Amino acid sequence: MHCNSSAFPYLKMHAMNQQEYKFEFAVYPSLDQLSEEDAWLLNEAREVTKLAYAPYSNFQVGAIARLSNGELVAGSNQENASFPVGLCAERVLLASASSLYPRVPIDTIAISYHNNNGDSSHPISPCGICRQSLLEYESRVDHPIRLILGGMEGKVYIIPKASMLLPLSFTASDLK
Ligand SMILES: [Zn+2]
């Protein structure tokens, strides 16, 4: 498709008003600046990357949740020779949490990764499908899920509420 930049001012000219979406998140230079509890959880996520089954991408993702009842639930990415069958760590975690501790809110999920093909020193963020799943988990139990995102080293992001990553989302209420 040919996309001419002059098309965009036209759209803006006819809009009734402009909306802005903003969210704030915390950036830490490394795990060492986190609270003891958060640093521990991120370290566990780094350990969980070892449980990934990622022979195709060699990109191992580990996620671990602390639930509001104090329990921990882990998830790692699980790939398949039929590529679309593969599951991300976040959704493996959510399915496990929902099965083991139904209706128990998740307070925090730490997500890390080990990239066997290269760098693991910057935070990665959940993919679009996982954002959708995280959002629905939050609304199901009416409780925000805090995310701690970091690689094997380097910067760490803390996002107060997973659904902040998916503005103008499609939700269950749209189906009513
Ligand atoms: Zn995903």
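Go through the range 81-106 and report how many residues are within 14 Å of the ligand (Cβ to nearest atom) and open to solvent by 60 Å² or more (accessible area, probe 1.4 Å).
Of the residues in the range 81-106, 4 are within 14 Å of the ligand (Cβ to nearest atom) and open to solvent by 60 Å² or more (accessible area, probe 1.4 Å).
Within the range 108-135, count every residue that is buried (at least 17 other Cβ atoms within 10 Å of the Cβ), part of a helix (DSSP H, G or I) and not hydroxyl-bearing (Ser, Thr, Tyr). Full working, then the answer.
From the range 108-135, those buried (at least 17 other Cβ atoms within 10 Å of the Cβ) are 108-115, 120, 123, 126, 130-135; that's our starting set.
Imposing the further condition that a residue be part of a helix (DSSP H, G or I) reduces the set to 130-135.
After this cut, where a residue has to be not hydroxyl-bearing (Ser, Thr, Tyr) as well, the list is 130-132, 134-135.
So the count comes out to 5.
Say we look at the range 109-133 and pick out the residues that are in contact with a Lys or Arg (Cβ under 9 Å, 6 or more places away or on another chain) and among the hydrophobic types (A, V, I, L, M, F, W, C); which of these is nearest to residue 97 (Cα to Cα)?
109
State whether one or more residues within the range 24-45 are exposed (fewer than 10 other Cβ atoms within 10 Å of the Cβ), at negative phi, modelled with pLDDT of 85 or more and among the aromatic types (Phe, Trp, Tyr).
no
Sort through 15, 39 and tell me the only one that's of a type in the set (Gly, Ala, Ser), out of contact with any strand residue (DSSP E or B) (no Cβ under 8 Å at 6 or more places or on another chain), without any contact (Cβ under 8 Å) to a residue 24 or more places away in the chain and within 23 Å of residue 167 (Cα to Cα).
15
Going through 121, 125, 169 one at a time, which residue ends up being closer than 19 Å to residue 89 by Cβ, within 16 Å of the ligand (Cβ to nearest atom) and among the hydroxyl-bearing types (Ser, Thr, Tyr)?
Working: 121 fails: within 16 Å of the ligand (Cβ to nearest atom); 169 fails: closer than 19 Å to residue 89 by Cβ.
Testing whether each residue is closer than 19 Å to residue 89 by Cβ, within 16 Å of the ligand (Cβ to nearest atom) and among the hydroxyl-bearing types (Ser, Thr, Tyr) leaves just 125.
Tell me which residues, restricted to the range 167-176, are outside any helix (DSSP H, G or I), open to solvent by 40 Å² or more (accessible area, probe 1.4 Å) and under 21 Å from residue 105 (Cβ atoms).
171
Test each condition in (1) at negative phi; (2) open to solvent by less than 40 Å² (accessible area, probe 1.4 Å) for residue 154 and report the one that comes out false.
(1)
Looking only at the range 46-63, count every residue that is assigned to a loop (DSSP other than H, G, I, E, B) and open to solvent by 90 Å² or more (accessible area, probe 1.4 Å) and tell me the total.
Result for the range 46-63: 1.
Considering only the range 72-95, I want to know if a residue exists there that is β-branched (Val, Ile, Thr), at pLDDT 95 or above, within 14 Å of the chain's Cα centre (by Cα) and under 16 Å from residue 136 (Cβ atoms).
Yes.
State the number of residues belonging to the range 128-166 that are within 14 Å of the ligand (Cβ to nearest atom), over 16 Å from residue 64 (Cα atoms) and hydrophobic (A, V, I, L, M, F, W, C).
Counting residues in the range 128-166 that are within 14 Å of the ligand (Cβ to nearest atom), over 16 Å from residue 64 (Cα atoms) and hydrophobic (A, V, I, L, M, F, W, C) gives 4.
The values are calculated or read from the model by the stated rules, or taken from the named source; none is laboratory data. Keep in mind it's a predicted model, so treat the numbers as computed, not measured. Neighbour counts are summed over all protein chains in view; Cβ atoms, including those assigned to glycine, are modelled from backbone coordinates with ideal geometry. Protein only, heavy atoms only, side chains kept; ligands, DNA and RNA dropped before computing areas. Shrake-Rupley method; radii C 1.70, N 1.55, O 1.52, S 1.80 Å.
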